[in-house]
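Values in this text are rule-based calculations from the coordinates and carry no lab data. Here the structure is a predicted model, which means the values were calculated and not measured. Here the Cβ positions follow ideal geometry from the backbone for every residue, glycine too, while neighbour counts run over all protein chains shown.
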Amino acid sequence: MSLAGQIVNLLAALLLLISFAMLSQRRILTLIHLFAWQGVALAASTLIVAYSTGQTHLYFSAALTVALKVVLIPWVLHRLIDRLNVRWDVETLINIPTTMLIGIALAIFAFALATPISQLANTITRSTLGIALASVLLAFLMMIVRRKAVPQVIGFLAMENGLFFAATSATYGMPLVVELGVALDVLVGTFIFGIFFFHIREQFDSLDIRHMETLKED
Amino acid sequence: MTSTSGIAFQLLQSLFVVLVAPLLMGWVNQCRAWLQNRIAPPLLLPYYTLAKLFHKDAVIARDASPLFRLTPYILFGCMWLAAGIVPVLATALPFAPAADIIALVGVFALARVFSALAAMDIGTSFGGLGARREMLIGFLAEPAMLMTMFTAAFISGSTQLTTIVHTLAHRDFAVHPSLAFAAVAFLMVLLAENARIPIDNPTTHLELTMVHEAMILEYSARHLALIEWAVAIKLFAYMTIGIALFLPWGIADAGDWAALPLAFAALGVKLVLAGAGLALLETLLAKLRLFLAPEFLSSAFLLAVLGMLIHFLVRG
């Protein structure tokens, strides 16, 4: 295997590791930092794929990743948690080891699922498809087990990271127009979520999503 | 490789490990003292302590059974055996086929079981408390340790530690994400198994936190000396396992006397760095609450399993 392929594999492993770290992280502030680091790993792997395959549009998407997911969105989230005054919030998560074991099961499932698919691809990074799928599923799991609104949104953004990585590893990335569109969607989504946070807090006096399960006031 | 020179290598290595292990302990203590702005104890202090303890008269509790007297010797023997299996200076040791990595983990488990039994034997509350905590940590650390070893075993296609090290030391340079994961997991297991800081504090006698110290509270004189020595050998063995698996370069082949000075030098440099690194880690980290230890060790297990899975996924 070429050195570029090995480094991409290492970065993919790092991406998966950060996904697990996010799953087990209690502090919102650290969660945002982890999200930013995931963006760094993603951008670095995109950059290496771009360099080793000569796909110029991947340079743009790497730059886009850094600008959006490493700088802008974490900054927006920082401001949001400052305004919402949840900067030092610690979420009480139930039983992290169990969540981790479910996470391992998901990772195995994703790996098994991706192996036959990745045989069809002929990219140098095809073996990382399983990791991309696993990080999508882990972000999904994170959205399910979290009760507060901000970590759920971070889970959503992490899922987008995983999808992006899947696109890069299976087909050397989507066309630039699609990527720009997705990036804009994510950005707009973050802003809309930010507005929603304030509305949720105004209505329920907390960001706990459980309050939204009872719709009727009785 | 002639068998006599192989056996000579084996004897040399076993003696070397037993004699040098307290020195490593002294080095770690010295580094930690420097990092904490204290005046460092002399490097040879563990030897002085051992000598002092061997000259004292042993005091044994009235209710102690023979198990209590026997345990220090078993502990020392187990650790020495483990140190004989691990390729410290050379691969292809004649003694190595006696036990593979699974047996090695078993040897550590045997030592743990006996120390826990001896701690409960006296019937003091501290002994029982320490033994139960030790078993809690042990049963969580063991699978993580095995998984770490398996990752390395999958890469080299054997569970013999010497074969693994031989394969890893002689391969071309390659980035193995799976080995990186295994290395981090192994570091976490090393901290937990050797009663180092995030899990246990080796210097405290505070009943709320102590694990290992609570178990050996009733021992004195030569028994205590043997246990302290065994602890030093255990730390040495774990560090050399880590070095052998993740930084194997410079190790000699058995019977290759010419490569021995280089192997000594490489091992010395690696151990000095590893000891300083351990001290730094212990200074930077805070001790975890006991009930957070399962979380810490399940993370280690997770990392080890991920490493193994990634090995299958990317074949590297």
- Residues A:2, B:65, A:19, B:14 arranged by fewest to most Cβ contacts within 10 Å: A:2, B:65, B:14, A:19
- Which entries of A:69/B:287; B:52/B:234; B:234/B:270; B:234/B:287 show an alpha-carbon separation above 27 angstrom in the structure shown? A:69/B:287
- Task: Averaging sequence separations of C-alpha pairs under 8 Å and six or more residues apart, then dividing by the length of chain A, give the relative contact order as a whole percent.
- Result: 23
- Computed over chain A: longest principal axis from alpha-carbon atoms vs helix A:73-84 long axis, angle to nearest 10 degrees, is 10
- Task: Relative to the longest principal axis of the C-alpha atoms of chain A, give the angle of the C-alpha long axis of helix A:3-24, reported between 0 and 90° and rounded to the nearest 10°.
- Result: 10
- Rounded to the nearest 500 deg cm²/dmol, what is the calculated helix-only ellipticity per residue at 222 nm for chain A, with -39500 (n - 2.57) per DSSP H run of length n ≥ 4? -26000 deg cm²/dmol
- Task: Could you work out the relative contact order of region B:3-314, using alpha carbon pairs under 8 angstrom and six or more residues apart, expressed as a whole percent?
- Result: 31
- Task: Quick one: plug the Kirkwood hydrodynamic radius of chain A (C-alpha pairs) into Stokes-Einstein at 37 °C, 0.692 mPa s, and report D in µm²/s.
- Result: 183
- Query: Placing +1 at every Lys and Arg Cβ and -1 at every Asp and Glu Cβ, with all other atoms neutral, what dipole size does region B:3-314 have around its Cα centre, in debye to the nearest 20?
  - Reply: 440
- Task: Would you mind giving the average projected area, over all directions, of the Cα convex hull of the protein assembly as shown in nm² with one decimal?
- Result: 29.8
- Task: Compute the semi-axes of the equivalent ellipsoid of region A:14-88, taking the square root of 5 times each eigenvalue of the Cα gyration tensor, and list them largest first in whole Å.
- Result: 28, 15, 5
- Item | Kirkwood Rh and Cα Rg combined as Rg over Rh, evaluated for region B:3-314 | 0.96
- Message: Let's see if you can work this out: charge +1 on each Lys and Arg Cβ, -1 on each Asp and Glu Cβ, no other charges. What is the dipole magnitude of region A:3-213 about its Cα centre, in debye to the nearest 20?
- Response: 280
- Task: DSSP loop (so not H, G, I, E, B), at most 16 other Cβ within 10 Å: list which GluC sites (Glu not before Pro) in region B:145-245 pass both filters.
- Result: B:207
- Please give, to one decimal in nm, the separation of the simple spin-label points placed at residue A:112 and residue A:205, each 7 Å out from Cα toward the Cβ. 4.8
- Message: Rounded, prolate or oblate for region B:172-316? Axes are the square roots of the Cα gyration tensor eigenvalues, ordered a ≥ b ≥ c, and the cut-off for rounded is a/c under 1.5.
- Response: oblate
- Please list the non-local residues whose amide H lies under 5 Å from the amide H of residue B:91, H modeled 1.01 Å from N, same-chain partners needing a gap of 5 or more. B:252, B:253, B:254
- Task: Using only atoms on other chains, find how many Cβ atoms lie within 10 Å of each Cβ of peptide A:130-142 and report the average.
- Result: 1
- Item | Highest-fluctuation residue, B:230, B:141, B:51 considered, GNM on chain B with Cα pairs under 10 Å | B:51
- Item | Whole-angstrom gap from region B:147-212 to region A:152-218, using each part's C-alpha centre | 39
- Query: Which angle between 0 and 90 degrees, to the nearest 10, do you get for helix B:66-85 versus the longest principal axis of chain B when only C-alpha atoms count?
  - Reply: 20
